[in-house]
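Working notes, beginning with the structure itself.
The values are calculated or read from the model by the stated rules, or taken from the named source; none is laboratory data. Computed from a predicted model, the values in this text were never measured in an experiment. Virtual Cβ from ideal backbone geometry, glycine too; neighbours counted across all protein chains shown. When the accessible area is computed, the model is the full protein with side chains, heavy atoms only, and any ligands, DNA or RNA have been set aside. Shrake-Rupley method; radii C 1.70, N 1.55, O 1.52, S 1.80 Å.
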Amino acid sequence: MDERDVAKSCRSCPSLCERACPVSAVAHAATPWAKMLRAADALAGSLPLADGAWLGWCTHCHACSDLCP
């Protein structure tokens, strides 16, 4: 599965990973689901990577991956 496939899969998810993310506990707009939607938009070219401040909202702890279906 490449990045585009992962982003598409995440787009249809009911945000199961939200409770595992330490960042989303502080900022609801920074849920893993919201970050993946932005990544999908960036990969599709509809969001310039210059607008990528959201990339810094991930701690790379991978706690969301454990809950991802």
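Tell me which residues, restricted to the range 12-32, are open to solvent by less than 80 Å² (accessible area, probe 1.4 Å) and not in a loop (DSSP other than H, G, I, E, B).
Glu18, Ala20, Ala29, Ala30, Pro32
List every residue pair whose Cβ atoms lie under 9 Å apart, where the two residues are 6 or more positions apart in sequence or sit on different chains, the first residue falls within the range 14-36 and is touching a residue at least 24 places away in the same chain (Cβ under 8 Å), and the second residue, located anywhere, is of a type in the set (Asp, Glu) and in a helix (DSSP H, G or I).
Short answer, once both residue conditions are applied: Cys17/Asp66; Ala20/Asp66; Pro32/Glu18.
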